[in-house]
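The values are calculated or read from the model by the stated rules, or taken from the named source; none is laboratory data. Predicted, not measured: the structure shown is a model, and the values here were computed from it. Ideal geometry is used to build each Cβ from the backbone, glycine not excepted, and the neighbour counts take in all protein chains shown. The area values use the complete protein model at the heavy-atom level, side chains included, leaving out ligands, DNA and RNA. Shrake-Rupley method; radii C 1.70, N 1.55, O 1.52, S 1.80 Å.
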Protein chains: 2
Amino acid sequence: MLADLYFGNPDWKVFLLCIVITAFFGGSLILSNASLAHKISVKQAFILISSVWLSLSLISALPFKLSAMDLSFTDSFFEAMSGITTTGSTVITGLDTAPPGILLWRAILQWLGGIGIIIMAMSVLPFLNVGGMQIFRTELSESEKVLPRTAQLASSIGLIYLFLTLMCIIAYMMSGMQTFDALAHALTTISTGGFSTYDSSFAHYENMSTEIVAIIFMVAGGLPFVLYLKAAQGNIRPMFTDTQVQGFIGMLIASITATSIYLVINNIMTPGDAVLHSAFNIISLVTGTGFANYDYGQWGGFVVALFFMLMVVGGCAGSTSCGIKIFRFQVFYAVAKVQVQKLIYPNGVFIANYNGRPIASDVPMSVMSFLFLYALSFAMLAIALSFVGLDFITAMSGAVTSISNVGPGLGEIIGPSGTFQSLPDSAKWILSFGMLIGRLEIFTVLVMLSPHFWKS
Amino acid sequence: MLADLYFGNPDWKVFLLCIVITAFFGGSLILSNASLAHKISVKQAFILISSVWLSLSLISALPFKLSAMDLSFTDSFFEAMSGITTTGSTVITGLDTAPPGILLWRAILQWLGGIGIIIMAMSVLPFLNVGGMQIFRTELSESEKVLPRTAQLASSIGLIYLFLTLMCIIAYMMSGMQTFDALAHALTTISTGGFSTYDSSFAHYENMSTEIVAIIFMVAGGLPFVLYLKAAQGNIRPMFTDTQVQGFIGMLIASITATSIYLVINNIMTPGDAVLHSAFNIISLVTGTGFANYDYGQWGGFVVALFFMLMVVGGCAGSTSCGIKIFRFQVFYAVAKVQVQKLIYPNGVFIANYNGRPIASDVPMSVMSFLFLYALSFAMLAIALSFVGLDFITAMSGAVTSISNVGPGLGEIIGPSGTFQSLPDSAKWILSFGMLIGRLEIFTVLVMLSPHFWKS
């Protein structure tokens with residue numbers, strides 16, 4: 001609202017109306033529940049998480065529906081869900097001339113979604129045993145010795161998040177961005193969301209320093225935030241010794257090297273450009289940001305296949321990025337190593353380790369179930385998308401990009417130079433569902449589909 | 001050799017030469033090892049399995065290399081590996097005019113590969129704990145009360161296999177096939193291999209009864225052979241109560257129904273044709289046979305995506321079909337159900353069942369590792385294939401069709417109306433490796449890549 005007022009855009013009335021509506025519903029809920037006890041059961045926690053993300057998406061879709069953009073209800077909901085889940089897929093064309101209030105609203109949604117996900121991943125999911133997240137319980141309880149209460153933890157993390165965002169705004173401005181663009185892009189960079197204020201995304205800036213700033217802060221958003229907390233408390237060492245960080249950085253270096261070599265030997269780019277542009281686009285996909293400055297669909301089959309797989313992998317747990325996440329691959333690797341040892345020595349006793357500690361007995365099964373459920377959800381989404389008429393590559397990459405909360409897909413339609421606008425409404429609802437389950441680590445939502453869940 | 005002699009084709013000399021070469025090597029190995037003890041360790045069993053399948057492929061590539069077909073070494077090896085693993089991908093064009101000896105040789109390779117896989121899956125893999133196959137150990141030991149020795153088990157299964165093949169030959173002949181074609185197709189139907197004697201595969205026959213015969217015997221080849229053994233001993237009941245069979249048949253009915261409805265509502269076929277042709281092509285893909293009578297790539301995105309996923313699923317363990325296999329999905333489902341119950345009641349005790357028995361504690365982890373390793377191998381194969389220059393759909397479907405031992409892929413080049421001939425040699429070697437690891441349940445091969453394996 002303030003942005004529209006500042007730039008003299010009449011849409012500020014829309015935001016004022018939305019504030020009133022939201023305040024009315026929020027106020028009513030607070031007043032009607034204020035006297036109730038705050039202790040909730042495990043089941044209620046699952047219902048709460050899913051319904052919070054769903055109702056946030058509904059409420060935040062209002063400005064899109066009511067503003068001068070005049071989006072349909074489906075498009076508004078899709079855009080809001082894509083924002084809140086930090087996916088970054090968009091149905092809006094004509095961003096370059098869109099009102100500043102809407103542009104900032106999209107960025108704020110991703111920024112709030114980003115911090116929401118970090119706090120949820122640090123304070124709620126580990127205690128719900130979702131998809132092996134319980135492995136971070138020890139890590140958390142270590143920090144809790146210093147910060148005993150979740151509320152305090154949330155505010156510390158929030159401060160770090162705010163600090164990184166401010167740094168990012170300043171860095172963008174120093175690289176030559178205008179103030180408004182720097183603010184909007186910083187909000188969507190640190191949250192690895194990927195909404196831009198231009199249809200052409202980062203291709204708008206043909207500027208090396210802007211690209212480097214984006215690279216640095218996308219990586220920053222893809223690291224586990226608990227490590228920043230430790231660093232702020234003076235313990236910088238875990239930032240370098242953490243297994244997940246090492247795997248994340250190692251994977252980035254390997255993929256960037258492979259892609260750069262491929263681009264150079266196929267005479268697509270000079271070595272310098274190849275390293276810079278492959279770093280930008282790979283980091284953008286792995287962290288689930290979804291900024292694009294090249295149509296990498298044109299870089300050849302190897303790049304398309306590699307990028308497809310990288311979208312699936314994702315960043316670190318406890319960060320703003322999504323996807324399967326590095327630690328699950330590492331837990332799997334540790335477990336598979338033990339499996340292989342057992343195949344060779346059927347009577348031997350072997351213990352799987354992660355981050356220097358033995359992996360608790362319930363973690364591997366939890367991780368494996370997650371991986372399989374992820375694959376199954378991907379298959380179902382892809383089949384559903386193709387059923388409503390999408391072609392093979394659009395359906396496959398649409399399924400991945402939604403469940404991994406990346407943003408752009410592959411191919412002509414939803415690739416880095418396209419948008420989701422032309423898809424049928426049914427596909428948009430399927431994709432919105434994909435974003436929601438992907439963001440909430442799948443189990444959190446699907447647990448409610450089990451008949452056991454509803455038994456008293 | 002006999003076929004070429006009978007049809008007066010000079011290639012019989014090639015087969016005679018191959019017999020001499022094989023007899024020389026085989027004889028030397030027998031004579032030089034006859035005095036050694038026959039007790040082998042677990043490690044030696046893994047080495048033995050992989051080296052047997054590899055050397056069989058090498059030896060059986062000889063006739064392709066030496067015959068009038070004059071294939072390159074790469075093509076010969078690819079064709080032999082595709083035969084032995086019952087994949088059915090081919091690099092040969094001009095099958096309609098190929099010498100009868102070669103056509104029969106391809107069929108025999110698949111037939112022998114088929115029985116080899118069944119016996120291995122029943123008598124070796126369950127005891128090596130590969131990918132959850134240990135779940136069938138109890139089943140096997142039940143049969144062993146009646147048939148105490150592996151050799152006797154193998155000969156009983158062999159007799160059943162032979163009987164089914166003869167039935168299939170007769171049925172094909174009654175449907176109007178010529179004797180030679182009936183023989184060749186029966187060998188590749190019951191082994192769910194998929195080599196045909198015509199470039200156009202089953203599209204050569206525009207004959208409903210031929211199609212129905214193929215449907216029946218592909219399903220027969222996709223069922224667990226231990227159930228035939230039980231049926232032959234008078235216990236027919238398991239054939240209907242077995243969890244895997246129920247899942248297999250249920251999945252077939254569901255997919256055929258969905259595809260038929262899709263084909264009818266999109267006005268692609270009449271209801272009768274839709275059911276018949278979708279049944280034929282779905283069963284051909286699920287069992288990993290790979291016969292085709294329509295270019296289903298033209299049936300629309302939904303069919304392509306569904307068929308892609310069905311290729312991954314595969315048939316029943318203990319049959320000639322490949323892929324992930326039904327029982328692994330069922331074990332996963334049982335385990336996921338327990339996981340969900342545990343999420344809801346963190347302190348409850350729940351037990352996963354399969355086929356009416358509790359699942360042993362080591363099975364779920366073994367199955368999950370298999371599933372993940374399958375996904376990882378698929379990703380690696382797809383990336384490798386795209387690196388050597390294949391487009392997205394060819395690389396993705398090539399990776400799936402090789403690791404699932406199906407045969408045809410999707411798209412213009414390797415789809416049901418194409419061949420693998422035009423691919424670069426490097427892609428053929430990658431695909432051959434994919435077929436081998438897919439056929440040997442991945443772990444059997446990959447265990448040898450572990451450094452632990454080679455420690456004394």
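Relative contact order for chain A: 19 percent, from Cα pairs under 8 Å spaced at least 6 residues apart, divided by residue count.
Of the accessible area of the protein assembly as shown, with the probe set at 1.4 angstrom, what percent is carbon plus sulfur?
Numbers: 24160 of 35180 Å².
The C+S portion of the solvent-accessible surface of the protein assembly as shown is 69 percent.
For chain A, adding -39500 (n - 2.57) for each run of n ≥ 4 DSSP H residues and dividing by the number of residues yields -21000 deg cm²/dmol at 222 nm.
Label-to-label distances for A:I170 across copies, nearest first, come out at 8.8 nm, using points 7 Å from Cα in the beta-carbon direction. Inter-chain neighbour count for A:384-395: the average number of beta-carbon atoms from partner chains within 10 Å of each residue's beta-carbon is 5.
Averaged over A:308-315, how many beta carbons belonging to a partner chain fall within 10 Å of each residue's beta carbon? Can you show the working numbers first?
Details: counts 7, 7, 2, 0, 2, 1, 0, 0.
Across A:308-315, the average partner-chain Cβ count within 10 Å equals 2.
Computed with every protein chain present, the accessible area of A:S51 is close to 50 Å² [probe 1.4 Å].
Annotation for region A:30-76 versus region A:181-225: alpha-carbon center distance of 27 Å.
With a cut-off of at most 10 other beta carbons within 10 Å, and DSSP calling the residue loop, which trypsin sites (Lys or Arg not before Pro) in region A:32-83 qualify? Please list them. Present the calculation step by step, with values, prior to reporting the outcome.
Numbers: sites: A:K39, A:K43, A:K65; in loops: A:K39.
Within region A:32-83, the qualifying trypsin sites (Lys or Arg not before Pro) (loop, at most 10 other Cβ atoms within 10 Å) are A:K39.
Within 10 Å of the Cβ of each residue in A:440-452, the mean number of Cβ atoms contributed by other protein chains is 3. Copy-to-copy label distances for B:S450, where each label lies 7 Å from Cα along Cα-to-Cβ, are 3.0 nm in order of increasing length. Fraction of C-alpha pairs exceeding 43 angstrom in chain B: 11 percent, rounded to a whole number.
Quick one: what are the phi-derived ³J(HN,Hα) couplings along region B:315-326, Karplus 6.51/-1.76/1.60 with θ = phi - 60°, whole Hz, x for glycine and proline? My calculation for region B:315-326 gives x, 8, 5, x, 10, 8, 7, 10, x, 5, 5, 4 Hz in order. Qualifying trypsin sites (Lys or Arg not before Pro) in region B:426-456, where qualification requires a DSSP coil assignment and no more than 12 other C-beta atoms within 10 Å, comprise B:K455. Sequence-distant contacts, meaning Cα pairs under 8 Å at least 6 residues apart, place the relative contact order of region A:27-97 at 21 percent.
Considering only Cα atoms, the convex hull volume of the protein assembly as shown works out to 177 Å³ per residue. If you sort A:I19, A:I413 by accessible surface, 1.4 Å probe, largest first, the order is A:I19, A:I413. Amide H contacts for B:G176 (H built 1.01 Å from N in the peptide plane; partners 5 or more residues away or on another chain; cut-off under 5 Å): none found. Take A:186-199, B:78-91, B:217-230 and order them by the average number of nearby Cβ atoms within 10 Å per residue, most first; the result is B:78-91, A:186-199, B:217-230. Sorted shortest first, the separations between the B:A34 label point and its copies elsewhere in the assembly read 9.8 nm; each point sits 7 Å from Cα along the Cα-to-Cβ line. Between the beta carbons of B:V42 and A:A360, assuming R0 = 25 Å, the FRET efficiency works out to 0.30 to the nearest 0.05.
Taking every Cα-Cα distance in region B:104-241 and sorting them into 10 Å bins from zero, the calculated P(r) comes out as 12, 39, 30, 16, 3 percent. Nearest beta carbon of chain A to the A-to-B rotation axis, with distance in whole angstrom: A:M368, 2. Distant-in-sequence amide contacts of A:N353, defined by a placed amide H-H separation under 5 Å and a gap of 5 or more residues or a different chain, comprise A:I359. Exposure check, 1.4 Å probe, all protein chains in place: A:R357 carries approximately 90 Å² of accessible surface. Using a probe of 1.4 Å on the protein chains alone, the accessible area found for A:V338 is around 20 Å².
For region B:328-456, what value does the Rg/Rh ratio take when both radii are computed over Cα atoms and Rh is the Kirkwood radius, given to two decimals? Walk me through the intermediate numbers first.
Values: Rg = 18.8 Å, Rh = 16.9 Å.
On the Cα set of region B:328-456, Rg over Rh gives 1.11.
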